[in-house]
1. I'm spelling it out carefully: the read-out is mean projected area of the Cα convex hull in nm², the candidates are (i) 58.9; (ii) 22.1; (iii) 23.6, and one was derived from this structure. Which label?
2. Go through 64-72, 183-191, 305-313 and give me the packing order, highest mean Cβ count within 10 Å leading.
3. Around Val204, with a cut-off of 12 angstrom between Cβ atoms, what is the net charge of the other residues, counting Lys and Arg +1 and Asp and Glu -1?
4. What is the magnitude of the charge dipole of the chain about its Cα centre, with +1 placed on the Cβ of each Lys and Arg, -1 on the Cβ of each Asp and Glu, and no other charges, expressed in debye to the nearest 20?
5. What ranking, highest mean first, results for peptides 136-144, 91-99, 319-327 when packing means the other Cβ atoms within 10 Å averaged over each residue?
6. Show me 252-260, 268-276 ranked by packing, highest mean number of other Cβ atoms within 10 Å first.
7. Using Cα pairs under 8 angstrom and six or more residues apart, how large is the relative contact order of the chain, in percent?
8. Too long at a 18 Å Cα-Cα cut-off: which of Lys128/Lys266; Lys147/Lys230; Lys24/Lys158; Lys169/Lys218; Lys288/Lys324?
Amino acid sequence: MQRRLIMHVDMDAFYASIEQRDRKEFRGKPVIIGGLSGRGVVATASYEARRFGVHAAMSMREAHFRCPQGVFLSPRLAYYRRISQEIRTIFYEYSPVVEPLALDEAFLDISGMERQYPQVYTLARSIKERILRQTGLEASAGIGANKFLAKVASDLEKPNGLVVVPEGKEAAFLAPLPIRRLWGVGNVTAQSLARAGFFFIGQVAQASVEDLQQVVGKQAHYLQLLANGKDARPVVAARAMQSIGQEHTYEEDLATERAIDENLRKLAYETAYRLRQQGVEGRTITLKIRFASFRMITRSFTAPMQGIYREADVYRISRRLYEKTARQEPIRLLGLTVRHLRRRYEQPSLFDEDTASQEKLAKTIDAVQRRFGKQALMKGLFWDSSQS
């Protein structure tokens, strides 16, 4: 039976971090985002502001009192949404099942990904590094057997935290944490539990349901399940997958045609692999290029009828799109996205033996990679030019 693994990713002080990223003069200063009117409330406070006791949902009047030297800004929600969507696109490259909770956090079902990442810590680190490299923003992540554990884990070592709850150690992981970490325990419930002698999650886990009912009523069974690390709720995808893609931001800009071509081939391979894993094909391919100057362009091609899913086709089309760009500077980022997806129904080929053999080879490679990881067996990077 496949082990269930859930990741929770939470951007650190999202709105404030964006403003500090974009404006050097705000870095290291207490930045407070929210409504600036007399009745406004704090939406996000930077970690510098949190040292003064400023937090989300606090009135702006109180925030001014606690941190008069703070930088107070109105939120740029449309801008934050665009960045959130960019981050969400990264999530879909690692999991097809993503449940956004807000602009700054989401659950990912990563069950089965240990085939490609034997250490799930490596997977989480890869996502965090990808977000930082592409957006300049830090995220905290937690991984556990369910949503509750993943959420608790992601909160423990903020900012820039990464915590994995060991399999079989869920109750021990939760036991020393304060009861306020339990979902559904607010101020009133926490006070009631404290009066009854419950201060830590482990105490709730060991109590009988009958004893807990006397304190919290109908919540007793639910809280005891959580306290023992049990949470059966699935990650619910916000929408059907609209596209599949891959993109890379390079540590060194791509300055030669050979380097660009090599990376287009790699992107084609990775994108086609993900299409096959999801059993889909698409009609539209979009090539995204961000140059060294940060200027960005996109070029798209839509096939009239046939679906696109083979790496040779993905590469050939992306190469033609690239040739239309008239590049005049090095490339910082390359990305490929396949859209207008539909379920791919395999049909035996009666006439095209080459296509049939390519399908058989792809299936063999995919089977080996599912069992042993993507690095176990890979097609040669430079396939015969006649196929391109």
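1. (iii)
2. Values: 64-72: 15.8, 183-191: 12.7, 305-313: 17.6.
Descending packing order for the listed peptides: 305-313, 64-72, 183-191.
3. Numbers: positive: Arg180, Arg181; negative: Asp211.
Computed value for this residue: +1.
4. Values: 59 positive and 43 negative charges, 144 e Å.
Result for the chain is approximately 700 debye, rounded to the nearest 20.
5. Numbers: 136-144: 22.3, 91-99: 19.7, 319-327: 13.6.
In decreasing order of mean packing, 136-144, 91-99, 319-327 become 136-144, 91-99, 319-327.
6. On the way: 252-260: 13.2, 268-276: 22.1.
Going by the mean number of other Cβ atoms within 10 Å, highest first, we get 268-276, 252-260.
7. Working: 666 pairs, mean separation 53.1, N = 388.
Here the relative contact order equals 14 percent.
8. Result: Lys128/Lys266; Lys24/Lys158; Lys169/Lys218 exceed 18 Å.
Since every read-out is calculated from the coordinates, none of them should be taken as a lab result. Every value quoted in this text rests on a predicted model; they were computed, and no experiment measured them. All Cβ positions, glycine included, derive from the backbone under ideal geometry; neighbour counts span all protein chains shown.
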